[in-house]
Amino acid sequence: MTKQRVLSGVQPTGNLHLGNYLGAIRNWVAGQSQYDNFFCVVDLHAITVPHNPETLAADTYTIAALYLACGIDLQYSTIFVQSHISAHSELTWLLNCITPLNWLEDMIQFKEKAVKQGQNVSMGLLDYPVLMAADIVLYDADKVPVGEDQKQHIELTRDIVDRLNHQFGKGKAVLKSPAPLIQTDGARVMSLTDGTKKMSKSDPSDMSRINLLDSPDVIQTKIKKCKTDPVKGLVFGDADRPECNNLLTLYMLMSGKSKEAVAAECADMGWGQFKPMLTEATIAHLKPIQDKYHEIMADPGYLDSILKEGREKAGAIAHQTLLRVKKALGYSLPL
Ligand code: TYM
């Protein structure tokens, strides 16, 4: 039986944080042997907000190396860079022309980012979910493992697929409809400085997030200073204690203990006792990832060869899908 296909990606904007890891990459690693996986570094998405050309290429490498360091296994998975395969941009144009403008104006993430940016919102920011749809459908992906915040974009992808199939499929599916794959725990990791806000790369304060490459000292300081509440006894799921729920969830996922075990262990605890435990579990969890990352980065030729292979394998599939869509839309195809 052929395996179902998975596609997902992360933007190379700054460092990866625990939200990216727990909401996405950790789940890619856990499920990879069941699927035929494609993981891209979505560098075209990275320029939908103002970016630094001096660091874009290096950040792209960092993310690819972190995929490997977190446990992406090339036996099951292909890693590539989005901008290396021009079919992503080309299919975006074709999908743009069948996507109603108001679908994009309704996207929550667009509205949030547009408010933050004020006057300088680019067409690219509005169009970002169509590029994401192109990423997914180019590989006929069945499943898209992501954090909660990307769910709406996958629903939009499904709507675009339906519309294209309906208008141009002559009764057959030109494109495959993907399903989101979202885990219950870690799908929405919250900021360390405000438990009601998502942990995010774009938060101006680095104290709000733990980055995968933070040193033990930095991790210790961030957890020491993170927001808590004055209540003794730590519990999951109390809506009035968002920081408590977030920090307990982080502890559970970093330590690998079950929810029941953590609930029992922390039921009578105060923050003074809990914070060093969370610190220790986080440092211990991230150490092997950091060691592997530095090993990979010490040999840039190795990463280059992986990305080249990825480009060839992913590019061949993307090219076929693009031809299929162009044919359905009525284009004359080059001989
Ligand atoms: P990006 O780069 O913002 O985030 C990468 C992944 O991390 C997840 N994530 C979180 N999960 C839990 N808690 C958080 N606080 C948190 N913050 C981020 C995101 O849900 C995502 O899974 N548009 C996407 C990238 C993309 C993509 C794709 C994803 C482009 N094309 C195709 C899947 C398929 C994005 O900006 O993710």
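The values are calculated or read from the model by the stated rules, or taken from the named source; none is laboratory data. Just so it is clear, the model here is predicted, and its values are computed rather than measured. Cβ atoms come from the backbone with ideal geometry, glycine included; neighbour counts cover every protein chain shown. Surface areas here come from the heavy atoms of the whole protein model, side chains and all, with no ligands, DNA or RNA. Shrake-Rupley method; radii C 1.70, N 1.55, O 1.52, S 1.80 Å.
Checked against (1) hydrophobic (A, V, I, L, M, F, W, C); (2) within 28 Å of Y331 (Cα to Cα); (3) more than 11 Å from the ligand (Cβ to nearest atom), L44 passes all but a single condition, namely (3).
Would you mind stating whether K201 is touching a Gly at 6+ places or on another chain (Cβ under 6 Å), within 12 Å of the ligand (Cβ to nearest atom) and open to solvent by 20 Å² or more (accessible area, probe 1.4 Å)? Judged against the criteria, K201 is a match.
List, please: which pairs have Cβ atoms under 7 Å, are six or more places apart or on different chains, and start with a residue in the stretch 278-293 that is open to solvent by less than 70 Å² (accessible area, probe 1.4 Å) and end with one that is in a helix (DSSP H, G or I) and hydroxyl-bearing (S, T, Y)? Final answer for the pair search is L278/Y251; A281/Y251; A281/S255. Annotation for the stretch 123-137: at least one member residue is more than 14 Å from the ligand (Cβ to nearest atom) and out of contact with any Phe, Trp or Tyr (no Cβ under 6 Å at 6 or more places or on another chain).
Does at least one position in the stretch 26-34 carry a residue that is of a type in the set (S, T, Y), away from the ligand (no atom under 11 Å from the Cβ) and open to solvent by less than 40 Å² (accessible area, probe 1.4 Å)? No, there is no match, as no residue in the stretch 26-34 is of a type in the set (S, T, Y), away from the ligand (no atom under 11 Å from the Cβ) and open to solvent by less than 40 Å² (accessible area, probe 1.4 Å). Which residues, counting only those in the stretch 197-211, are in a loop (DSSP other than H, G, I, E, B), touching a strand residue (DSSP E or B) at 6+ places or on another chain (Cβ under 7 Å) and either in contact (Cβ under 8 Å) with a residue 40 or more places away in the chain or of a type in the set (D, E) (or both)? Passing the criteria: M199, K201, R209, I210. Of the numbered criteria (1) of a type in the set (A, V, I, L, M); (2) away from the ligand (no atom under 12 Å from the Cβ); (3) open to solvent by 10 Å² or more (accessible area, probe 1.4 Å), the one A64 fails is (3). Within the stretch 204-240, being open to solvent by 60 Å² or more (accessible area, probe 1.4 Å), within 16 Å of the ligand (Cβ to nearest atom) and under 22 Å from A263 (Cβ atoms) holds for one residue alone: K227. Report whether or not T249 is open to solvent by less than 20 Å² (accessible area, probe 1.4 Å), part of a helix (DSSP H, G or I) and among the hydroxyl-bearing types (S, T, Y). The answer is no for T249.
Here L16, L7 are screened, and the one residue that is touching a strand residue (DSSP E or B) at 6+ places or on another chain (Cβ under 8 Å), more than 18 Å from L253 (Cβ to Cβ) and near the ligand (Cβ under 9 Å from one of its atoms) is L7.
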